[in-house]
Structures are given as C-alpha cells and as structure tokens.
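Remarks on the structure that follows.
The values are calculated or read from the model by the stated rules, or taken from the named source; none is laboratory data. Just so you know, these numbers come straight off a predicted model, no measurement behind them. Methodologically, a virtual Cβ is constructed for each residue, glycine included, from the backbone with ideal geometry; neighbour enumeration extends over all protein chains shown. For the accessible areas, the whole protein counts, side chains as well, though only heavy atoms, and no ligand, DNA or RNA atoms are used. Shrake-Rupley method; radii C 1.70, N 1.55, O 1.52, S 1.80 Å.
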Amino acid sequence: MLVKLSMEFGSGRTAMVTQGAAMDEPPSRPTWSRQIEFTLAGIGCAVGLGNVWRFPYLCYRSGGGAFLVPYLLMLFVLGIPLLYMELAIGQYTRRGPVHALASVCPLLKGVGIASVAISFIMCIYYNVVITWALYYLFSSFQAPLPWQNCNNTWNTPNCTAHAINGSNFSSTASQEFFKYKMLEQTDGVHEAGTLRWQLFLILILAWILIYLCIFKGVKSTGKVVYFTALFPYVILIALLINNVQLPGATDGITYFIVPEWDKLRSVDVWVNAAAQIFNSIGIGFGSLLAMSSYNSFNNNILKDTLTISIINSLTSILAGFVIFSAFGYMSYLQGIPIRQLAVDGPGLVYIVYPQAFANMPVAQLWAVMFFFMLLCLGLDSEFAMVEVMVTSLMDAFHRDLMNIFRRKEFFVLAICGVACLLGIPCVMQVGIYVFQLMDHYTAIVSIMFLAFFEVIAICWSYGVTRLSANVKEMNGSRPNIFFRVCWLVVAPVLITVILIFSIIQFKPARYEQYVFPSWAQGVGWCIALASIIWIPLGAIHTLWLLPGTLLQKLKLSITPFALNGKSKMPYYERGGPDGHPGIAVISSNTELPEKPLSQTKF
C-alpha cells in the first residue's frame, strides 16, 4: 500500500512524498465500552490521596474557610479550563501525551516526553503509599489495634497512648507504630538499613493489583472504576456520619469552615490554592490526556471536564469535614488545641487519624473502612499514571514492542515489574527519606516547569483559534469566550506567577525536623531533571533534524501539523491513528529547503 503525504508551503510549492507499506501502522485504537467508564476513570484519576491529606492540611495552615475562596477561584479560572484543554487535545489527536504534544508544537515535543517521565517517577513512589495503606489495612484486623497502646516491643519509654497537654512525652503510640514498627526508619538518609521484607512483599501485592486493573487496557480499567471510583464515597459518608456524633466534632468542623480573613493577604495562600488545584486534577501529568485519547471522536468534552473537576473539589471538601470532625474529637479527648494535631503529608492519615480510631467505638471497623478507602483512592490514581507510560510507548513503538513481547499484556507486566524493582529503596529502612526526597522534587519542583511549557505549547504555539476549531469539529460548537480568554491570557499568566513564586520561595526537602544533606539534595535535583531535561533535549533534537537555516528551523519547529479531523491526523513517524492516512500542512513564508521536510522524523 502506498500513502501520500502532502505539504503545502506559503511559497506555493507542494511536495508530494510516497511512503511504503513498511510503515508501522498500529491496529485500530480501542475505545471505552461506555462513556461513563471514562468519566469514572477520570474522577478516579483526579481524586486521590492528596484530597484526603494535602487539602485538609492546606486548609488548616491557610486560615480554614478562607482557603476555600482562592481554592474555588483557581478551580474555575485555572483547573477547569486547562483540563478542558488537555481532554480536547487527547480526544482529537487520539494519541498519548508524547505524540499529541509533538503534533501541536514540534519544538516542545519534549513536554510530552517529560509528562511520561514524571508520571513514571511518581508511580514508583506513589505505590509505596498504597503499600502502607495495605499494611495498615491488614493490621486493622487485630484487637486491640496495634497503635492503640504502648505495650508493644517497638514502643519507647517516651511513648503515650495519645498526646496530653503539658506532658513531657515525645511521641504517641500511633507515631511509634508508623516509625518503629512499619517503617523501622533509620536516623537519616545516610543510613540505608535493611530491606523491610513485609513491606516489599506488600509492594509486590500492590503492583499485582495495579496490573490486574490495567493489563487489558481500557477494557479492564473501565470495569474496575465502577467500584474503585464510587466506593470511597460510601466510606467517606459513613465516616462523616459517625464522626459528627462524637464529642468535640463541632469544634473541628467550625475550625474548618470559619475563615481567618487576614490569611488572604498572604501570597502563599493563593499560590498554594492554585498548586493544589493543579496537582489534584493532574494538569501536566498526561494521565487524563492519555485516557481521553480512547474516547469516541464526538464525545462531549465539556461535560466530562465539569464532572471530573467539580467532583474532585467536592471530594476534597467532603474529606475536610471528615478529617476535621475527627480532629475536634481528638482535641476534646486530649485537651490540646486543634492546631497542634494537624500533620503534613502521610502523617495526617497514618499517624493522626489512626490515633482517632483508637478511641472510637468499634475501632477495628472504622480502621478497616478508612484504609480500604485509601487503597481504592490510591489504585485509581496509580493505574492512571502507569497507563500514561503504556499508552505513549505503544503509540511510538507498537510494532517493535509486539515483536518482543507478542502480547500487550506481557508488555504491561514488564512495565509493572520494572517499576516495582525501582521502588525497592522506598521499602528499606531508609525508605521514608527516599520517599520524601522523590515527592518533593517531583510533585513540587518538576510539575511547575512542565505545566508552564505545556500551556505555552498548546495555548500560544498551537493557538486558541486552532484548539477552538478542533473542539467545534468534535462537538459542533466553539468553546465560549470564557474558556478562550482563560487559555489565551489567564492560564499562562497564573502558571507563570506560580512558577516564579515556586522558584523564589523554594525550600530544600526535609522530613519533619530532619534536613537532608547537600548530596541528598543533589540527588533530588537529579530526580527533578530526569523529567525536565526532556524539554530542552526535545527542542534541540527537533532543530537538529529540521532542514534549512536556523531561522527556517525555528519557524518550522513552532508550526503545528494541521489536524483536520479524525481521518486526517498527522503521520508522526509511525503512521496515523487507526491506520488512516494523514495530511500535514505547514505554512511558511520561507522557501522550501532542498531536503524535503517529510523526510524528517519528529
């Protein structure tokens, strides 16, 4: 079979190139069995462990109800428009982030590769959090709960069942269970310690669960999300009904919803609100973009955008009521201010909340429900991140991978196996320090740079006009003026401000009172660069391959492939989606270089 590629230039000349049947044409791209499956998968991807621990902590630190003002504002001017943008690009190109970004802006094709890299790095250590949830889940079937008292072999003389106001005790039973029983943590990153075999075996179990969720692609994922995306809400509502009946719960809820308006004068509060929306929805990670590439071409993008983003934020608020009602109960029992109970990061759900279970009626029941909820929340987000890697590699190297692995299921198994092995340092005794280092330099540092360049590539290089035309072709009408203004002005400005303040206010990684040494911070920057470095490398590679003078290279590198419909997609180097031929239209006022552009592989 011969396929023709037509490229029209501003000079009026047209180059016709013929490619042979050797082109690697992937099979017809699968789609979700039902559109509700994508919606549920999107909700599961966006709603994760961060909704349960990071959002309540930011509310606690940023003035309670006052934080909701910038949070909701950022949702509507940043979160929803950028999610709309990503879903539109994914659904229209029917490709993962690598090929999708390469088609809209060849110069910034590295943004797509960086999305895959950051998702893979995050899935390595994120599954460790799921491992902890499984460990606590198994431990919750004991009576009494192992963190309920200090009569255990791992407890220290300074242990107390719960903090008491004015006491000299240095740690609670739940803290010591987390640190000395489950983690057996060392004194610092310089002490590696030994492998925690129990955690390692549970890590393998966690990856087996992930594999079973995604090994058939959207066909298996679509069935799993009916349970994993919906069941956490049953548990959250049950926990809330139980918590509000406890003494002191009203004080906790009041602390959560009553605003401290003075906090709004702080720039940190606004930056934190934007960052929380950004990280929670997952802009820049490529997960939702990859999953939307399996949508039908005419799927209603705006409907899914509003459903996913609004339910994500409502879940955060619901989790806030659950967490702070428990805080109020603990404050009542211990006689200490609520402000002294909140702990950032994993400590919120693995130290503070288990401490509350210990004093609740039927403690084992609530503990099992809570940690099973964490498991469901974690699984949804985890298999979405793994799917980014699988989708992108299958898009780029389908024929080669099938020659090696024969079946996609074996390839997915290989991805999960490699990620499991790379997660071993996180389940050693030094694991908590490795986890904190990876999280700080990936989720905080890398994602801001990645988001900035993604917005530049799509909103400015590809352009709002083209993006709006794509949406009209799929859904019958252009996005309204609100979205177009947000894409063109508001989102780029906000992302730039967040990036600047993230750089200005950057603080080295630390864990509680432990400050990482300089060499460890250097390792952290290497982790950050593992994803960011692909952006300049991709730009250099594109300019190197393009023909012509430097000025001609630059003009061509920021000129997107024309995406003129589901049957007229760009070739890339592996052929169009569904085996359809594609048309790449590149306009330029420069003369066509001697070397045909079509011979260049991006």
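Being under 30 Å from Cys486 (Cα atoms) and outside any loop (DSSP other than H, G, I, E, B): is that true of Ile447 here? Criteria met by Ile447. Evaluation of Val69 against the conditions (1) open to solvent by 10 Å² or more (accessible area, probe 1.4 Å); (2) over 30 Å from Gly347 (Cβ atoms) shows that the sole unmet condition is (2). Considering segment 125-242, the qualifying helices (runs of 4 or more DSSP H), each wholly inside and each with 1 or more residues that are modelled with pLDDT under 85 and open to solvent by 40 Å² or more (accessible area, probe 1.4 Å), run over 173-176, 218-228.
Ala469 satisfies every condition listed in (1) farther than 19 Å from Pro560 by Cα; (2) free of Cβ contacts under 8 Å to residues at least 60 places away in the same chain; (3) small (Gly, Ala, Ser) except (1). When Asn51 is tested against (1) touching a Ser or Thr at 6+ places or on another chain (Cβ under 6 Å); (2) farther than 26 Å from Leu264 by Cβ; (3) crowded, with 23+ Cβ neighbours inside 10 Å, exactly one condition is not met: (2). On inspection, Ala275 qualifies as at pLDDT below 85, in a helix (DSSP H, G or I) and either open to solvent by 10 Å² or more (accessible area, probe 1.4 Å) or not acidic (Asp, Glu) (or both). In segment 27-46, of all residues being open to solvent by 20 Å² or more (accessible area, probe 1.4 Å) and part of a loop (DSSP other than H, G, I, E, B), the one that is modelled with the lowest pLDDT corresponds to Pro27. Considering (1) free of Cβ contacts under 8 Å to residues at least 40 places away in the same chain; (2) under 30 Å from Leu87 (Cβ atoms), say which one Arg265 fails and leave the rest. It is condition (2) that Arg265 fails.
If a residue must be at pLDDT 50 or above, assigned to a helix (DSSP H, G or I) and under 29 Å from Ile447 (Cβ atoms), how many such residues does segment 532-583 contain? Of the residues in that region, 15 qualify.
Yes/no matrix, rows are residues, columns are (1) closer than 24 Å to Leu183 by Cα; (2) touching a residue at least 24 places away in the same chain (Cβ under 8 Å); (3) open to solvent by less than 10 Å² (accessible area, probe 1.4 Å):
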| position | (1), (2), (3) |
| --- | --- |
| Pro361 | no, no, no |
| Phe370 | yes, yes, yes |
| Leu379 | yes, yes, no |
| Arg399 | no, yes, no |
| Asn403 | no, no, no |
| Arg407 | no, no, no |
| Gly423 | yes, yes, yes |
| Met428 | yes, yes, no |
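Among the residues of segment 483-511, those identified as of a type in the set (A, V, I, L, M, F, W, C), touching a residue at least 60 places away in the same chain (Cβ under 8 Å) and more than 11 Å from Leu82 (Cα to Cα) are Leu494, Val497, Ile498, Phe501, Phe506, Ala509.
Within segment 222-236, residues that are within 10 Å of Gly44 (Cβ to Cβ) have Cβ atoms under 6 Å from residues that are β-branched (Val, Ile, Thr) in these pairs: Ala229/Ile43, counting only partners at least 6 apart in sequence or on another chain.
Selection of segment 252-268 for residues being closer than 29 Å to Val455 by Cα and either open to solvent by less than 10 Å² (accessible area, probe 1.4 Å) or among the hydroxyl-bearing types (Ser, Thr, Tyr) (or both) yields only Ser266. Tell me which residues, restricted to segment 447-482, are open to solvent by less than 10 Å² (accessible area, probe 1.4 Å) and hydrophobic (A, V, I, L, M, F, W, C). Listed by number, the residues that qualify are Ile447, Leu450, Ala451, Val455, Ala457, Ile458, Cys459, Leu467, Val471, Met474. Among residues of segment 517-541 being over 12 Å from Gly112 (Cβ atoms) and of a type in the set (S, T, N, Q), the one that is surrounded by the most Cβ atoms within 10 Å (Cβ to Cβ) is Gln521. Just to be sure before I move on: is Val497 open to solvent by 70 Å² or more (accessible area, probe 1.4 Å) and within 17 Å of Phe452 (Cα to Cα) in the structure I sent? Taking the combined requirement at face value, the residue does not satisfy it.
Of the candidates Asn312, Asn295, Asn299, the single residue that is open to solvent by less than 10 Å² (accessible area, probe 1.4 Å), over 18 Å from the mean Cα position of the chain (by Cα) and either without any contact (Cβ under 8 Å) to a residue 12 or more places away in the chain or closer than 25 Å to Val116 by Cα (or both) is Asn295.
Among the residues in segment 502-516, are any in a helix (DSSP H, G or I), open to solvent by less than 60 Å² (accessible area, probe 1.4 Å) and modelled with pLDDT under 90? Full working, then the answer.
First pass over segment 502-516, keeping only residues in a helix (DSSP H, G or I): 502-504.
Cutting the leftovers down to open to solvent by less than 60 Å² (accessible area, probe 1.4 Å) gives us 502.
Retained after the next criterion (residues that are modelled with pLDDT under 90): 502.
Yes, segment 502-516 contains a residue that is in a helix (DSSP H, G or I), open to solvent by less than 60 Å² (accessible area, probe 1.4 Å) and modelled with pLDDT under 90.
When segment 63-108 is filtered for residues that are within 28 Å of Phe256 (Cα to Cα) and outside any helix (DSSP H, G or I), the ones remaining, listed by number, are Gly63, Gly64. Within segment 328-348, the presence of a residue that is under 22 Å from Thr228 (Cα atoms), open to solvent by 10 Å² or more (accessible area, probe 1.4 Å) and in a helix (DSSP H, G or I) is excluded.
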